[in-house]
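Visitor: Have a look at this one.
The values are calculated or read from the model by the stated rules, or taken from the named source; none is laboratory data. What you see is a predicted model, and the numbers here were worked out from it, not measured in a lab. We place every Cβ from the backbone using ideal geometry, glycine too, and count neighbours over all the protein chains shown.
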Amino acid sequence: MTKELVIVESPAKAKTLGRILGSRYIVKASLGHVRDLPKTKLGVDVANGFSPKYVIPKEKRRVVQELKEAAKKTTGVYLACDPDREGEAISWHLVEAVELKTMPVHRVVFHEITEEQVLNAFRHPREIDFNLVNAQQARRILDRLVGYKISPLLWQKIKGRLSAGRVQSVALRMIAEREREIQSFIPQEYWTIEAELAKQSAREESFKAKVIGPVSETQQFEIRSQQDADEITANLAGANYLVTKVTKKQISRSPSPPFITSTLQQEAWRKLHFTAQRTMAIAQQLYEGLPIGEGEVVGLITYMRTDSTKVADSAIKETRAYIEQRFGREFLPPHPRRFAKKVKGAQEAHEAIRPTSIVREPGLLQPYLSYDQAKLYELIWKRMVASQMAVVLLNTTTVNINATPPQPGKIYLLRATGSLLKFIGFRILYTEGRDEAEDDIEVKASLPELVEGERLSLLHLFPEQHFTQPPPRYNEATLVKSLEEEGIGRPSTYALIISTLKRRGYVQTKEGRFYPLELGFVVNDLLVVHFPDIVDIGFTARMEEKLDDIARGEQEWVTVLEDFYLPFEEMLEGATARIAKTKIAPQPTDEICPQCGKTMVIRSGRYGKFLACSGYPKCHNTRPLSAEMEGLSQ
């Protein structure tokens, strides 16, 4: 029987597709990219339209040969790589490397590896989308130009094996500037005062109200010292307390959309303390398929690199039916909930990250999944179900109270708030995690029934000293969130950006927070001074938009590269000249040179820091830094 060849990226995905497609197809894995720019050369002919010179890496030659042999035995080839720019580029590279131009080649795209979606994709193949290919090519060439041209300057001035990635350098700048903001922060003292009050007829039903400020003052009220706090406390101690306004209203809280790549990484960090890299690796396993039940390999979630909150109508229908059956009609909103895209440039052809079948409850799958897989699947499943559930309803009460001291003077406004849960809605299943700077109206202690004009009794006053806090250091969640908000990187790049900063020794994590290392500061400072555009957030975000334009066919990729490279080349020439003239001052030590008796200093060279005699050039004594000295030099 005539067979056809299907090529995917990974063996796990090949196994799942093989089960779905049956014996008519031979399914092989390319193990990712089969061609790339050379490691030791620029690989881009700048003078001839930025023409890339791709090579097949040594470790991929055997794979390519095996694919060539398999293709010879088939009548056609289906390229089933992932449904994004990277997958489109891999498909094109396969055509070139495996020499498939003389064969019928079909591109198939699906966002979930289920029998229905896969077979439908094979019934409706398309050609390779060269707009997507060129967008990926442009990104790869941009990154190569920046890294290949700037990195040698880092080797020359700091030490070898450093890199200056186009996007990672912006992330490094964000971390370094936040650290310096923290280091230069000067805490400011301030005070708050709360009064414990009660109805005169029911003193046991006490509640607390916060001092807002004098009634007559409209400007922001601040208590800056203990002296001021003591003075206000003394005035309030003998004051008469009168309810002046009671406001009651019902507020609702809507669920968050299903996950996109960035929000999955953020929530997996908040709730599971998974790094972005770990999250994506586990999500890849859930997407490509795992054996469940009788060993049947099933793709459990939709594609995990996406910036769209769109959900298929069939998935919404299935989810709403599950909610009604599992939780009851009161937990089902009258109409399906659809979410507008919130990420600039979101590709609406993609879907949000969701389970491929809502009826596969986390508890049913737990015996077949690892701990990490089960936890991440449960998070994705709950987020999707909650997104179609009814809103949370809260009854809130806000009470304004005037405190009039016995002596004529200022009348102080105090405010008390309370809330009571009326309907739990989607929070019966799921509550989104929060970052430090975020606030939300949650259920608070309810207030006694109060009416305007009612007098209250003072039970106690609580003055409390505080100090302003510096902005928090980034963690995995807040860094990914900031990168997304600033338009830096795209779904496929967040995890790589973070892992590269760690691997290069630019940052480290302590208790989940990013701390720039000395090397990170040095590299960042050099880039900020000599390549301000490269590490400028706005400039990098605009470049991402241009790559999106290429993907939509709205710009030519060579034109985008030309617009970037001409000013970049001028910047590079100026930076090279300036850096050649600057010298990094040697760092003094207590070490004595055994050859001439002068002090030893720490110098920087191409291969890093080393100990050298301060009597150079008369004395040429040098030696490597000890581990202890290396630590002191950081």
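Visitor: Hey, can you tell me all the residues within region 326-340 that are touching a residue at least 24 places away in the same chain (Cβ under 8 Å) and part of a loop (DSSP other than H, G, I, E, B)?
Guide: Of everything in region 326-340, those that are touching a residue at least 24 places away in the same chain (Cβ under 8 Å) and part of a loop (DSSP other than H, G, I, E, B) turn out to be Leu332, Pro333, Pro336, Arg337, Arg338, Phe339, Ala340.
Visitor: Exactly one of these conditions fails for His93: (1) under 25 Å from the mean Cα position of the chain (by Cα); (2) under 19 Å from Ile550 (Cβ atoms). Give me its number.
Guide: The single condition His93 does not satisfy is (1).
Visitor: Continuing with this model, one more query. Yes or no: Ala403 part of a strand (DSSP E or B), of a type in the set (Gly, Ala, Ser), crowded, with 20+ Cβ neighbours inside 10 Å and touching a residue at least 24 places away in the same chain (Cβ under 8 Å)?
Guide: Taking the combined requirement at face value, the residue satisfies it.
Visitor: Ok, one more. Scan region 207-228 for residues that are part of a strand (DSSP E or B) and in contact with a Gly (Cβ under 8 Å, 6 or more places away or on another chain) and jot them down.
Guide: If the condition is that a residue be part of a strand (DSSP E or B) and in contact with a Gly (Cβ under 8 Å, 6 or more places away or on another chain), then Phe207 is the only one that fits.
This table checks each residue for (1) part of a strand (DSSP E or B); (2) among the aliphatic types (A, V, I, L, M); (3) under 26 Å from Thr397 (Cβ atoms).
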position	(1), (2), (3)
Val451	no, yes, yes
Pro491	no, no, no
Ile497	no, yes, no
Gly505	no, no, no
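Visitor: Quick check on my filter: what residues within region 270-296 are buried (at least 19 other Cβ atoms within 10 Å of the Cβ), under 20 Å from Pro367 (Cα atoms) and out of contact with any Phe, Trp or Tyr (no Cβ under 8 Å at 6 or more places or on another chain)?
Guide: Ala283, Gln285, Glu288, Gly289
Visitor: Name the single residue, out of those in region 387-429 being basic (Lys, Arg) and over 18 Å from Thr247 (Cα atoms), that is modelled with the highest pLDDT.
Guide: This residue is Arg427.
Visitor: Based on what the data block shows, is Gly165 surrounded by fewer than 18 Cβ atoms within 10 Å (Cβ to Cβ), outside the structural domain of Ile212 (by TED's automatic domain parsing) and among the small types (Gly, Ala, Ser)?
Guide: Against the criterion (surrounded by fewer than 18 Cβ atoms within 10 Å (Cβ to Cβ), outside the structural domain of Ile212 (by TED's automatic domain parsing) and among the small types (Gly, Ala, Ser)), Gly165 does not qualify.
Visitor: A follow-up question, please. Among the residues of region 37-52, which ones are touching a residue at least 12 places away in the same chain (Cβ under 8 Å) and in contact with a strand residue (DSSP E or B) (Cβ under 7 Å, 6 or more places away or on another chain)?
Guide: Scanning region 37-52 gives Leu37, Pro38, Gly43, Val44, Phe50, Pro52.
Visitor: Of everything in region 453-495, what is among the aliphatic types (A, V, I, L, M), at pLDDT 95 or above and more than 9 Å from the chain's Cα centre (by Cα)? Give them in sequence order.
Guide: Leu456, Leu458, Leu459, Leu461
Visitor: So which residues in region 501-520 are surrounded by 18 or more Cβ atoms within 10 Å (Cβ to Cβ) and in contact with a helix residue (DSSP H, G or I) (Cβ under 7 Å, 6 or more places away or on another chain), if there are any at all?
Guide: Leu501, Tyr506, Val507, Phe514, Pro516, Gly520
Visitor: Further question on the same structure: Any residue at all in region 519-527 that's farther than 30 Å from Ser51 by Cα and in contact with a Cys (Cβ under 9 Å, 6 or more places away or on another chain)?
Guide: No: zero hits.
Each row is one residue, and each column tells you yes or no for (1) in a helix (DSSP H, G or I); (2) surrounded by fewer than 19 Cβ atoms within 10 Å (Cβ to Cβ); (3) in contact with a Leu (Cβ under 7 Å, 6 or more places away or on another chain).
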| site | (1), (2), (3) |
| --- | --- |
| Arg61 | yes, yes, no |
| Ser91 | yes, no, yes |
| Val95 | yes, yes, no |
| Phe110 | no, no, no |
| Ala138 | yes, no, yes |
| Asp143 | yes, yes, no |
| Gly160 | no, yes, no |
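Visitor: Please find, among Glu204, Glu231, the residue that is assigned by TED's automatic domain parsing to the domain that holds Leu450, in a strand (DSSP E or B) and either loosely packed, with under 15 Cβ neighbours inside 10 Å or of a type in the set (Asp, Glu) (or both).
Guide: Residue meeting the stated conditions: Glu204.
Visitor: Can you tell me which residues in region 430-441 are surrounded by 13 or more Cβ atoms within 10 Å (Cβ to Cβ) and at pLDDT below 85?
Guide: Scanning region 430-441 gives a single hit, Asp435.
Visitor: Of everything in region 67-89, what is part of a helix (DSSP H, G or I) and either under 13 Å from Lys28 (Cβ atoms) or outside the structural domain of Gly18 (by TED's automatic domain parsing) (or both)? Give them in sequence order.
Guide: Across region 67-89, the qualifying residues are Leu67, Lys68, Glu69, Ala70, Ala71, Lys72.
Visitor: Within region 164-177, is there a residue that is in a loop (DSSP other than H, G, I, E, B) and without any contact (Cβ under 8 Å) to a residue 40 or more places away in the chain?
Guide: No, every residue in region 164-177 fails to be in a loop (DSSP other than H, G, I, E, B) and without any contact (Cβ under 8 Å) to a residue 40 or more places away in the chain.
Yes or no, residue by residue, for (1) at pLDDT 95 or above; (2) closer than 18 Å to Pro38 by Cα:
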position: Lys53; (1), (2): yes, yes
position: Ala89; (1), (2): yes, yes
position: Trp92; (1), (2): yes, yes
position: Val95; (1), (2): yes, no
position: Leu100; (1), (2): yes, no
position: Asn134; (1), (2): yes, no
position: Ala138; (1), (2): yes, yes
position: Ile141; (1), (2): yes, yes
position: Gly147; (1), (2): no, yes
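Rundown of residues vs (1) surrounded by 14 or more Cβ atoms within 10 Å (Cβ to Cβ); (2) closer than 27 Å to Leu566 by Cα, yes/no style:
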| site | (1), (2) |
| --- | --- |
| Leu5 | yes, no |
| Ser10 | yes, no |
| Thr16 | yes, no |
| Ser23 | no, no |
| Ile26 | yes, no |
| Ala29 | yes, no |
| Leu42 | yes, yes |
| Lys53 | no, yes |
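Visitor: A follow-up question, please. Answer yes or no as to whether Gly87 is under 30 Å from Asp563 (Cα atoms) and touching a residue at least 24 places away in the same chain (Cβ under 8 Å).
Guide: When the stated conditions are applied, Gly87 passes them.
Visitor: Given the options Phe568, Phe564, Phe514, Phe539, name the one that is under 19 Å from Pro152 (Cα atoms), aromatic (Phe, Trp, Tyr) and not assigned by TED's automatic domain parsing to the domain that holds Arg305.
Guide: So the residue among Phe568, Phe564, Phe514, Phe539 that is under 19 Å from Pro152 (Cα atoms), aromatic (Phe, Trp, Tyr) and not assigned by TED's automatic domain parsing to the domain that holds Arg305 is Phe568.
Visitor: Let me ask something else about it. Give the residues of region 215-228 that are at pLDDT below 95 and either under 11 Å from Thr192 (Cβ atoms) or surrounded by 14 or more Cβ atoms within 10 Å (Cβ to Cβ) (or both), sorted by residue number.
Guide: Passing the criteria: Val215, Phe221, Glu222.
Visitor: Among the residues of region 149-167 satisfying the criterion of being over 24 Å from Glu88 (Cα atoms) and under 25 Å from the mean Cα position of the chain (by Cα), which is modelled with the lowest pLDDT?
Guide: Selected residue: Leu162.
Visitor: Pairs only if they're at least six apart or on different chains, beta carbon under 7 angstrom, first in region 547-560 and within 16 Å of Ala89 (Cα to Cα), second assigned to a loop (DSSP other than H, G, I, E, B) and at pLDDT below 95; list them, first residue then second.
Guide: Asp548/Gly345
Visitor: Check off (1) touching a strand residue (DSSP E or B) at 6+ places or on another chain (Cβ under 7 Å); (2) in a helix (DSSP H, G or I) for Thr397 and give me the number that stays unchecked.
Guide: All conditions are met except number (2).
Visitor: One residue is enough: does region 301-308 have a residue meeting the conditions touching a residue at least 40 places away in the same chain (Cβ under 8 Å) and either in a strand (DSSP E or B) or of a type in the set (Gly, Ala, Ser) (or both)?
Guide: Within region 301-308, one or more residues are touching a residue at least 40 places away in the same chain (Cβ under 8 Å) and either in a strand (DSSP E or B) or of a type in the set (Gly, Ala, Ser) (or both).
Visitor: Scan region 270-285 and report the pairs whose first residue is over 16 Å from Arg513 (Cα atoms) and whose second residue is surrounded by 22 or more Cβ atoms within 10 Å (Cβ to Cβ), with Cβ atoms within less than 6 Å and a gap of 6+ or a chain change.
Guide: Thr279/Gln265; Thr279/Ala268; Met280/Ala495; Ile282/Leu376; Ala283/Met304
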